[in-house]
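> Supplied in structure tokens, the structure appears directly below.
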Amino acid sequence: MTLTQRLYAIGIMLFLWYVSLVFAPQLCLLLNMPISSWQFALSLLIFISFSWVFHRNYFGISQKRQFGINFLISLGLFLLCLLFAGSIYDTSFDGTWYHLDAVHLLKNGWNPSYKMLSEEETSYCSKYLNHFPKVPWIYAALVAKVTGNVEMGKAANLQLIISCLFVAQHMGRAIFKLSALLSWILAFLIASNPIQILNLGSFYVDGQVSSLTFLGMAFAIYQVVEGGWVKGFLALLAFALLANIKFPSAFYAILYVGAFLGFLWFTKAYKWQKMLTIALFWGVFTFGVLGWNPYMSNLIRMGHPLYPLSEGTEKVFKKEENYPANFLNTNRFERFFRSFYAEPKWARNPETSDLKTLFSHVPLYTYDYGVPDLAGFGPFTPEVFLLLFPLGLWVLFELKGKERKNAVFILSVLLIATFINPEAWVMRYVPQFWIFLVILVLLVLQRVKWQGPGFVLAVGLLLNNLTLLNQNIVKSYVHTSELKEQLNEVATSNGKIEFYPGWAKSFQYRLTDVGLDLQKQTYIPETDTSANKFTGGLGALYRKRKTE
């Protein structure tokens with residue numbers, strides 16, 4: 001087994017760790033058993049079984065030694081992901097608000113398949129928690145239950161990034177016949193998708209949408225090129241998980257599966273009857289087992305599997321509140337490119353977006369808390385795209401026959417997946433567009449005469465991502481340090497500090513985790529202007545007790 005093959009195997013095993021840590025607790029939830037630590041043992045059994053089958057059928061490995069080495073390395077990387085995630089507090093708004101709320105509730109016994117939460121049991125987000133897809137929350141809840149550290153539930157982001165990195169480097173060598181250097185450049189471009197790296201320190205799930213999209217497409221391409229059933233199974237598994245990350249990703253997953261199976265039928269690899277059977281089984285597993293809650297439970301309880309989206313997107317994403325003022329009367333394509341070429345910031349009505357001056361410096365502080373609504377792919381990507389797109393089209397037209405048709409097919413699927421979302425201007429909702437950019441880079445790098453310009457453009461994108469990574473991770477640790485000091489000050493004050501714990505139960509859990517009994521504390525008004533704000537506290541305040 002070469003190093004490239006070993007890393008590929010480990011990348012797939014990291015993906016299978018994710019699969020197992022979701023499937024075992026989800027099966028137990030369906031059987032009306034709340035998430036519990038013992039389910040990690042079941043996850044481990046599922047992981048070992050899937051990994052062994054992959055090794056036997058793909059590599060033809062019967063030696064336990066090679067499997068054992070890969071198992072130990074993947075386990076070590078998984079543990080490192082846990083340690084990294086546990087070292088950072090999520091101080092983002094949505095991450096602390098409803099994502100962390102859901103993880104705590106699942107960890108503490110809530111079973112969404114059998115019980116709907118009331119508004120009072122949540123941080124005013126019961127509609128989200130009761131009716132939204134839950135795969136990332138289930139993973140995080142089991143990890144939190146086993147480790148006792150809820151922040152470690154964010155480990156899935158880094159875990160899937162490493163999986164993408166290792167799979168992509170093998171793909172560059174085995175499928176696209178690139179040199180080792182160009183394969184690793186391709187791999188780092190895929191793994192450093194700005195949406196993924198800006199989600200590293202938070203419970204936001206858009207990075208997982210990005211990772212699972214790439215892994216599903218990669219396994220599908222392996223299936224088409226190499227045949228066999230293992231890669232096709234992995235592709236369908238990745239797309240099944242993708243459909244249960246969030247509602248828009250369900251539409252993406254259906255599109256990808258339809259394109260994958262349709263391609264196999266069109267190329268006469270399989271008969272249409274077999275493709276239809278596979279599609280039906282995939283649909284039943286994806287929406288009837290893995291996604292019983294929310295899809296089937298929403299249908300039973302609310303009359304529609306996509307509730308509350310069935311009431312109209314305005315119920316979930318109100319234009320008048322969430323759009324920049326100058327986006328209100330524009331179509332989805334205009335909004336997308338205005339956002340793509342905007343200065344990075346959050347701009348909500350009545351604020352407006354501003355187009356950036358190309359090839360000029362822009363402030364980076366907007367990326368401190370994750371992915372902003374505008375310019376979500378980073379500060380340099382618009383300039384690179386301006387040069388990459390015409391060059392990529394030129395190379396595309398230079399291709400011949402089957403090679404061109406396949407490239408156009410994949411690029412078209414990604415563009416459709418991007419623009420079927422009317423809110424594609426919020427870049428974290430459409431991380432698959434980054435894969436579109438990377439494929440353009442790949443097409444250029446495959447042509448010897450264009451490798452020089454392609455290399456420069458690839459480095460430009462990597463510098464963009466490295467800048468974002470540095471900005472976000474450094475600030476994440478700064479915010480974590482601030483919050484740790486604040487929590488420690490409150491926890492060791494012996495009643496000398498009074499505070500307002502905020503409206504979010506998820507942040508109140510953080511206060512109780514440091515030993516505070518919220519029933520015995522002295523509260524201050526939420527309007528107290530003399531108090532200090534907790535970092536990432538969603539309005540929580542504290543101050544020293546005033547003496548008479």
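> Taking the Cα centre of the range 319-474 as origin and charging only Cβ (+1 Lys, Arg; -1 Asp, Glu), how large is the dipole, in debye to the nearest 20? Could you put the intermediate results ahead of the total?
On the way: 14 positive and 12 negative charges, 144 e Å.
The calculation lands at about 700 debye.
> Also, quick follow-up: Enumerate the whole-percent occupancy of each 10 Å bin, from 0 to the last occupied one, for all C-alpha pair distances of the range 247-308.
That works out to 22, 43, 26, 9, 0, in percent per bin.
> Toward the positive end of the charge dipole of the range 3-315, about the Cα centre and with charges on Cβ (Lys, Arg +1; Asp, Glu -1), which of Trp137, Leu158, Ile46 goes farthest?
Ile46
> Could you compute the FRET efficiency for Val289 and Thr522, with r as their C-beta to C-beta distance and R0 at 35 Å, rounded to 0.05?
Numbers: r = 49 Å, r/R0 = 1.41.
So, using R0 = 35 Å, E works out to roughly 0.10.
> May I ask you to order 146-153, 237-244 by the average number of other C-beta atoms within 10 Å around their residues, highest value first? Intermediate results must be reported in sequence, preceding the final value.
Working: 146-153: 20.4, 237-244: 26.6.
For the peptides 146-153, 237-244, the packing ranking is 237-244, 146-153.
> With each pseudo-label sitting 7 Å past Cα toward Cβ, what's the Leu83-Thr313 distance in nm, one decimal?
Between Leu83 and Thr313, the simple spin-label model gives 4.4 nm.
> Over the chain, what is the mean sequence separation of C-alpha contacts under 8 Å (at least six apart), divided by residue count, expressed as relative contact order in percent?
15
> Once you place label points 7 Å from the Cα toward the Cβ at Leu30 and Thr492, how far apart are they in nm?
Each label point is offset 7 Å from its Cα along the Cβ direction, giving 4.9 nm.
> Quick one: grab Rg to one decimal and Dmax as a whole number for the range 3-315, Cα atoms only, in Å.
In order Rg, Dmax, the Cα atoms of the range 3-315 give 19.0, 57 Å.
> Now, a different point. Only Lys, Arg, Asp and Glu count, each charged at its Cβ (+1, +1, -1, -1), so figure out the dipole size of the chain about its Cα centre, rounded to 20 debye. Numbers along the way, then the final one.
On the way: 45 positive and 32 negative charges, 373 e Å.
It comes to approximately 1800 debye.
> Kirkwood hydrodynamic radius of the range 352-405 from all distinct Cα pairs, in Å? The partial results should precede the final answer.
On the way: mean 1/r = 0.0730 Å⁻¹.
The Cα-based Kirkwood calculation yields 13.7 Å.
> Mind checking the alpha-carbon convex hull of the range 492-544 and giving the volume per residue in Å³? Before the final figure, lay out the partial values.
Working: hull volume 4.0 nm³, N = 53.
Enclosed volume per residue, from the Cα hull, is 76 Å³.
> For the chain, which semi-axes, largest first and in whole Å, follow from the square roots of 5 times the eigenvalues of its Cα gyration tensor? Display every interim value, and only then the final one.
Numbers: eigenvalues 287, 163, 108 Å².
Whole-Å semi-axes of the equivalent ellipsoid: 38, 29, 23.
> Give me Rg over Rh for the range 319-474, both radii from the alpha carbons and Rh done the Kirkwood way, two decimal places.
Values: Rg = 16.4 Å, Rh = 16.5 Å.
Radius of gyration relative to Kirkwood radius: 0.99.
> Bin width 10 Å, alpha-carbon pairs only: give the P(r) of the range 394-465 as whole percents, running from 0 to the bin holding the largest distance.
18, 42, 33, 6
> Along Cα→Cβ, 7 Å out, is where each label goes; now give me the distance between the ones at Val53 and Thr277 in nm to one decimal.
1.7
> If you don't mind, another one. Could you order peptides 81-87, 5-11 by the average number of other Cβ atoms within 10 Å of their residues, highest first? Provide the component values of the computation, followed by the final result.
Numbers: 81-87: 19.3, 5-11: 22.0.
Going by the mean number of other Cβ atoms within 10 Å, highest first, we get 5-11, 81-87.
Read the figures in this text as sums done on the coordinates, not as results from a lab. In this text the structure is predicted, and so the values were computed from the model without any measurement. Neighbour counts are summed over all protein chains in view; Cβ atoms, including those assigned to glycine, are modelled from backbone coordinates with ideal geometry.
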